[in-house]
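The values are calculated or read from the model by the stated rules, or taken from the named source; none is laboratory data. Fair warning: this is a prediction, and the values are worked out from it, not measured in the lab. Backbone-built Cβ (ideal geometry, glycine too); neighbour counts: all protein chains shown.
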C-alpha cells in the first residue's frame, strides 16, 4: 500500500490510513464538510471531505482504519488530501502497527536503558516505589505514548521520554554533588506515569475521563500516596517525589499546581522542558529542506525555525 510520506502533489490514489482526528466545518455556502487527519507509521496528512453523506459519521471516527480515495493538492505550501470516497476496514484483518508511528529509538533499546537506570538506584524507598509501579503498570510502560499530540505522541513515547530524562538526570547529578542523584533519577522516571491513566486507546490515544477531570500530574500524585501507604514507607522520599511530580511543568501557568522548591524538583522541571521542546522542534524540522525555515511552531511561541545548510 502507498505510504503517506510518499504522496506527491497531483497524486490521485487509494490509500489505507488510520483516522487520527475529525472535526466538522461549514463552507461559505453553509454546507458541511469534514476535516480529517489521516495517519500511518510514516506520518500524517490533513484531508478534507467536502461532500458529506450519512455513512461518513460511521466511517470517519477517531481510531478507525479506512481505505480512502484521495487527490493530493498543495494548500499554503503544505500537502493536503481531498477525500473522494472512503470505506471502513475490519480491524481484525489489519496489522495496526502499520498505522502507529514507531519511536525513533527501538523499543528494545529503550527498555534496556530503562532497566539499567532502575537497577542503578540504591535508595531503598526510591527502589521500592519504582518496583511497585513497574509491577502495577507492566507492559503499558513500554508501549504508551507520552501525549496525545505535541511531543512523544508515538508508541513507546512515554518510555523514551522517561529514559531521556533519567539519563539527563544521571548526567547532571555528577556536576552538582549536593543533588540527591537517586531521588532525581527516580523522579525523572516516574514523573509522567500518570499519563498511562490520563490517556487511553488501542491505536489513537485520547483523554480518559480521569485525564480530563484530573490530569496526569494530579493522578500521579494520588498514585504515589497510595503506593506510599501500601508499602508502609515513612521517610521523606515519597513526599519529595510528590513535590517533583506536582512541580515538573515548572510554572503555574503551564499546569503545575506548585513551583519547584527543591534542587531536584527545579532540575527535573528544566530537563523536562528541554526534552519536550527538542522533540517538538525535531517534528517541525523533519520535512524542512536545509537552508529553509519551518512553518510556525505554535508550541514554541509561533516561531519559525531555520534548518542550517548541510
**Report entry** Selection from the range 246-266 of residues that are outside any loop (DSSP other than H, G, I, E, B), within 20 Å of the chain's Cα centre (by Cα) and touching a residue at least 12 places away in the same chain (Cβ under 8 Å)
**Finding:** 246, 247
Report task. Tell me, please, whether a residue that is part of a loop (DSSP other than H, G, I, E, B) and closer than 19 Å to residue 62 by Cα can be found in the range 38-48. Result -> yes
**Report entry** Residue match in the range 190-212 (condition: assigned to a helix (DSSP H, G or I), on the phi < 0 side of the Ramachandran plot and surrounded by fewer than 16 Cβ atoms within 10 Å (Cβ to Cβ))
**Finding:** yes
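Based on this model, can you work out whether residue 243 counts as surrounded by 14 or more Cβ atoms within 10 Å (Cβ to Cβ) and outside any helix (DSSP H, G or I)? Spell out how you get there, then give the answer.
Values: surrounded by 14 or more Cβ atoms within 10 Å (Cβ to Cβ): yes; outside any helix (DSSP H, G or I): no.
Against the criterion (surrounded by 14 or more Cβ atoms within 10 Å (Cβ to Cβ) and outside any helix (DSSP H, G or I)), residue 243 does not qualify.
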Report task. Select, from 30, 54, the only residue that is without any contact (Cβ under 8 Å) to a residue 12 or more places away in the chain and at positive phi. Result -> 30
Report summary line: Those residues of the range 267-282 which are surrounded by 15 or more Cβ atoms within 10 Å (Cβ to Cβ) and under 18 Å from the mean Cα position of the chain (by Cα) amount to 269, 271, 272, 273, 275, 276, 279, 280, 281
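Just to be sure, is residue 141 at pLDDT 95 or above, in a helix (DSSP H, G or I) and closer than 18 Å to residue 198 by Cα? Spell out how you get there, then give the answer.
Details: at pLDDT 95 or above: no; in a helix (DSSP H, G or I): yes; closer than 18 Å to residue 198 by Cα: yes.
Judged against the criteria, residue 141 is not a match.
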Query - Positions within the range 119-129 being part of a helix (DSSP H, G or I) and farther than 18 Å from residue 231 by Cα, in sequence order - result: 119
Query raised in the report: What number of residues within the range 101-126 are in contact (Cβ under 8 Å) with a residue 40 or more places away in the chain and either within 17 Å of residue 139 (Cα to Cα) or more than 19 Å from the chain's Cα centre (by Cα) (or both)?
Result: 15
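Among the residues that make up the range 178-188, is at least one of them at pLDDT 95 or above, farther than 30 Å from residue 91 by Cα and not in a helix (DSSP H, G or I)? Explain how you work it out, then say what you get.
Going residue by residue through the range 178-188, those that are at pLDDT 95 or above are 179-188.
With farther than 30 Å from residue 91 by Cα added as a condition, the list becomes 179-188.
Applying the additional criterion that residues be not in a helix (DSSP H, G or I) yields 179-180.
Among the residues of the range 178-188, at least one is at pLDDT 95 or above, farther than 30 Å from residue 91 by Cα and not in a helix (DSSP H, G or I), which makes the answer yes.
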Requested in this report: Evaluate the following for residue 14: is it over 25 Å from the mean Cα position of the chain (by Cα), more than 22 Å from residue 104 (Cβ to Cβ) and part of a loop (DSSP other than H, G, I, E, B)?
Outcome: no
Query - All positions within the range 287-301 that are exposed (fewer than 12 other Cβ atoms within 10 Å of the Cβ) and within 24 Å of residue 161 (Cβ to Cβ) - result: 298, 301
